[in-house]
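Heads up: the structure comes next, in structure tokens.
Any read-out appearing in this document is the output of simple, stated calculations on the displayed coordinates, not a laboratory observation. Everything numeric here is computed off the predicted structure, so don't read it as measured data. For neighbour counting, all protein chains shown are included, and Cβ atoms are generated from backbone atoms with ideal geometry for every residue, glycine included.
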Amino acid sequence: MGQSCGLHHSVGDQPKNRIRRMKLSLILASVLLPLAASARADEFAPGPEHDQVAKACTACHVAAQVTAQHKSAEEWCETVNRMISNGAKVRDEDVKEIVAYLAKNYGPFE
Ligand code: HEC
């Protein structure tokens, strides 16, 4: 677990991830129920990774949960790894491409 996404350090196996997993069942109940009711069509930017991201990242929350964000590649790397520990179906070898796609389309404000 924990892809480096081509960055200089890995964010995968920090102890806080284990704590997050324990908190997750509590968070799931409060986050997923309202979001499920408002699930909308996919709004992801076009690109080769579109279909996979749209599929993998709307299983638990709406696309806007992702597309409203502005993160650096490093932050997206951390987020995607956290989503994988949340249960997102992303193959290890796809993490890098997904992070690059997210950082390109939903990067930090210049
Ligand atoms: C198995 C369910 C699940 C899947 C699949 C999932 N997420 Fe999440 N996501 C969550 C939960 C639960 C939260 C709220 C708690 C948290 O932030 O970990 C969340 C919150 C977020 C947030 C807001 C918090 C932040 O760190 O900015 C972003 C952005 C996000 N997800 C992106 C993604 C992306 C990108 C994908 C696809 C790779 C994805 N999610 C797939 C469960 C999921």
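So what J values fall out for the stretch 98-109 if you push phi through Karplus, 6.51 cos²θ - 1.76 cosθ + 1.60 with θ = phi - 60°, rounded to Hz, Gly and Pro as x?
Per residue, the Karplus-derived 3J(HN,Hα) values read 5, 4, 5, 4, 5, 5, 6, 8, 10, x, x, 4 Hz.
Could you state the orientation-averaged shadow area of the convex hull built on the Cα atoms of the stretch 55-110, in nm² to one decimal?
For the stretch 55-110, the mean projected area of the Cα convex hull comes to 3.5 nm².
If R₀ is 30 angstrom, what is the calculated FRET efficiency for the pair E74 and E43, using the beta carbon separation as r and rounding to 0.05?
0.80
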